[in-house]
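Since the structure comes first, as structure tokens, the remarks are kept for the end.
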Amino acid sequence: MITFDIDFNEWIRPLDIIFMKRLLSFLLCCFTAVTLFAQTSVSSTEAVKDQFTVKGQLAGPAENDPLPYATISVAREGATDKAIKKLAADEKGNFSVSLPAGKYVFTFQFVGMNPLKRNVEVSARSQTDLGKIVLSESSTQLEEVSVVAQRPLVKVEIDKLTYSAKDDPEASTSSVLDLLRKVPMVTVDGEDNIQLKGSSNFKIYLNGKPSNMITNNPSQVLKSMPANSIKDIEVITDPGAKYDAEGIGGIINIITDKRVDDGYSGSVGANGDTYGGYGGNTYLALKYGKFGFTGNASYYHHSRPESESTYMREDFAPSPENLLTQDGTDKSNGGGLFFSSALSYEPDTLNLFNLSVSRFGGDFSSTGLQNALSKGAQNYSYLAHSFSEQEYGGTELSADYQRNFKKEGEMLTLSYRFQQNPNDGEYESRFTNVTGDYFYPEGYRRKSINDAGGKEHTGQIDYVNPLTNKHNVEAGLKYILRKNTSESDNTYFDVTDNTWKVDLSRKNDLDHDQNIVSGYAGYSFKTGKIGVKTGLRGEYTDQNIHFMSVNDTTIQTHFFDLVPSFTFSYQLGMTQTLRVGYNMRISRPGIWYLNPYVNDLNPTNISYGNPKLDAEQSHNFNINFGSFSQKVNLNASLSYSFTKNAIASYSFIEEGITHNTYDNIGKNQHIGLNLYSSWTPLQKIRLYANANVSYTDIRSNNGNQLKNHGFSGQGFGGLMLTLPQDFRLGFNGGIFSGRVQLQTSQSAMYFYSFNVMKSFLNKKLDVNLSASNPFAEFVEFNSKTKGTGFMQESTFMQPMRSLRLSVTYRFGDLKTSIKKVQRTISNDDLKAGDSGSQSATGGSTGTTESGN
């Protein structure tokens, strides 16, 4: 993380000059390529003979407003069921098509309008101008309609953004984590750490329901999920009252793909990299009659070559003066298995039953060597040999019943969910070459085994009622029972009698129970260009903490939170939307923050959780602007948040040992700007960028006068080229300065990759070769932490250069599934030349969201 203060301008100015020169050169090359491509296209068009132009403009009944990106289908008279051309109007509703002389039937369609057919005779004598064609409004209420010229990747709704994973060409050979790098407001750095709006405190949902399995292990789980099993990724920046109040930054909701027509489809894939990692995955979706099934499974093995690290800690007044240096190496490997399945039964149009099971499990082991030297108040040296293993994962079981009523949109949902999330670990360390006054003698060994995890039972009921086509109400109740536990077994090897003995002084066990009862009510209103969504949620929490160490302690607390939310949207134009929102979010600490187990693998630098943490509260204000045209998609979000009792990590020195833990000592103010843009200058070229910059002021409120402030930012972008013979080329790159923290600052990190993809067998087989950081074997990371009486610095050299090969084969009935009234025009059908997208705002995502 970089904190920019007084030296910001001096640091950034030379970088700006270099960056601008390279950017201008890059844009000039792109512009030249685009110009040549366009000239080639024009030359090809001029070669077409005996074609005559038909043009016109499509408009709606209200003041003859133009209908942007309306669908036009052309068929020969007498064969209207077989379209010979399909195209989309431009953003002003204008269209133009070249046809041979003859008689045709034109069919015009637009979201919320009645289709219109018109007979047109094209003659060789002159251009045919159909003038202004007015469509009438349809009385049928559409739940979701997407009119697509080039399949849209981003859609804006009143409280969220939706990224269409199914329409990303790279999804066939990518993981869900790879796709997250492209999702607006989400950033993934070079170490696969995920942030939402610059915050690492958020929740991940799966099909509208909280998933602790993914939230607790986001990078590992999402790397193991094939992207071709995902339909959409929703970024819920303004969670309404029906969603849990947990997650300061918001919610990432992952929607899995499902078939809605009878048949089956699926895929199998495999991958490997030059680190020695490998994996495989399979995906299947089928539907026959009233039953539907989706499932995917994957296995992965990862291996990281040896890395190098250095550490230096300087102690000064009021601490005794001392200098500690450590140099070490570390290498690691591990693997895991992920599977999920969902079964649905729909006996009739009013009733739907769903059952789903997911399981993720893996382990991670590492071995290391460390040389340490201490001079000053404490004089010693040693060589430490260490081995550690961490197990992680989760199991989720959910069942729900959905009852629809005769009134369209009225729905009652009953749900139950069980989650289990183990977080076990163990380590062993051995000390040799010990000199001076060190904690442990020559040959000393230690072992520690920690059995930790949590179980959660959830029951809920949700009700939605659209009172009219403008007014909608919703309400629900929810109960959560959580049980977190941590038990450890600590032993040491007594060199005096060569036996293993129990170390009771290191005992730190925990039983933590939570009972959460919540209810909510929400209201939404939409008319014309205006939309409003508001709600209130109440959550009562009762918790019991049993802390078992040398002293046995029990803590009982309870608290009640009222969580309001409000969102207002205004449609500036057919393709532009402005949204303003406020919401309050809370964050209850999980087992990772609460666990008092002391990780003293490095005895001079230990870490542990704090079972006395309280839930933090955050107030968030944001304004969002979205503009979507045929070639340029833009979304900008400005947000401000403040938290008075933020959970912050902090470090302190005690008896020559660095302690790292957490406490409710943070008072945060955060303002951030998130930008997403994609540009499609030609049908074969797409450029995109996803970035955020923020300013944070954080201060401790426990009297130790710790504080920090500064700028931070992240950015990710890429270029995709579609070439003849089903080739695709891509480039992606990112730079991250990290977050502003209370005591720690870190250096910037960067990464980049190139990939080439080729499709075979009528696009059923995809082969992708990618290269990550090919010009640098290692990337250096630096961090510095300051506190009362000490300053420490560490440097870590992480291997980054690698090659990865991925192969995916799709099978089954690969027809496009059409859900409700979603209509799509493929790229191959477009003869009009321009590409872009426009999606209707509002409505449902086509999934059941039981988010509360």
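Numbers below:
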| item | result |
| --- | --- |
| Cα gyration tensor shape for the stretch 233-338, rounded if a/c is under 1.5, else prolate or oblate | oblate |
| Cα gyration tensor shape of the stretch 587-671, rounded if a/c is under 1.5, else prolate or oblate by comparing a/b with b/c | prolate |
| Alpha-carbon centroid distance for the pair the stretch 431-484 / the stretch 219-253, whole angstrom | 17 Å |
| Distance (nanometres) between label positions extended 7 Å along Cα→Cβ at PHE811 and MET791 | 6.3 nm |
| In the stretch 230-332, the trypsin sites (Lys or Arg not before Pro) that fall in loop regions by DSSP, at most 13 other Cβ within 10 Å | LYS290 |
| Difference of contour (0.36 nm per residue) and Cα-Cα distance, GLU408 to LEU572 | 56.2 nm |
| Projected-area mean, the stretch 176-217, by convex hull of Cα positions, square nanometres | 3.1 nm² |
| Alpha carbon centroid spacing (whole Å) that separates the stretch 634-699 from the stretch 349-406 | 23 Å |
| Over the stretch 213-252, equivalent-ellipsoid semi-axes from the Cα gyration tensor in Å | 22, 13, 7 |
| Taking N as its residue count, the alpha carbon Rg of the stretch 323-364 over 2.2 N^0.38 Å | 2.52 |
| With at most 10 neighbouring Cβ atoms within 10 Å, loop GluC sites (Glu not before Pro) (DSSP) excluded, longest segment of the chain | 64-654 |
| Sparsely packed trypsin sites (Lys or Arg not before Pro) within the stretch 755-786, loop by DSSP, other Cβ within 10 Å at most 12 | LYS763 |
| Rounded percent of accessible protein surface that carbon and sulfur make up, the chain, 1.4 Å probe | 56 percent |
| Between the stretch 759-796 and the stretch 76-90, the alpha-carbon center distance in angstrom | 50 Å |
| Accessible area, probe 1.4 Å, largest first, for residues ASP509, ASP542 | ASP542, ASP509 |
| Answer label, with volume of the Cα convex hull per residue in Å³ calculated from the coordinates and candidates [x] 203; [y] 184; [z] 169 | [z] |
| Gyration tensor verdict on the stretch 158-200 (Cα atoms; rounded if a/c is under 1.5, prolate if a/b is larger than b/c, oblate otherwise) | oblate |
| Low-density loop positions, trypsin sites (Lys or Arg not before Pro), the stretch 450-493 - DSSP coil, at most 10 other Cβ in 10 Å | none |
| Extension gain (nm, one decimal) between TYR401 and LEU355, 0.36 nm per residue minus Cα-Cα | 15.7 nm |
| Stretch gain in nm, segment LYS375-ASP513, where the contour uses 0.36 nm per residue and the Cα spacing is subtracted | 45.1 nm |
| Label-point separation, LEU761 to LYS483 (7 Å along Cα→Cβ), nm | 4.8 nm |
| The chain: angle of helix 8-46 to the longest principal axis, Cα-based, in degrees nearest 10 | 30 degrees |
| Spin-label zone in the stretch 373-392 - amide nitrogen under 18 Å from a point set 7 Å from the Cα of ASN433 along the C-beta vector | 373-375, 379-387 |
| The chain: calculated mean residue ellipticity at 222 nm from DSSP helix runs of at least 4, using -39500 (n - 2.57) | -2000 deg cm²/dmol |
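The values are calculated or read from the model by the stated rules, or taken from the named source; none is laboratory data. All of these numbers come straight from a predicted model, not from anything done at the bench. Here the Cβ is made from the backbone with ideal geometry for all residues, glycine too, and neighbour counts use every protein chain on show. What goes into the accessible areas is simple: the full protein's heavy atoms, side chains included, and nothing from ligands, DNA or RNA. Shrake-Rupley method; radii C 1.70, N 1.55, O 1.52, S 1.80 Å.
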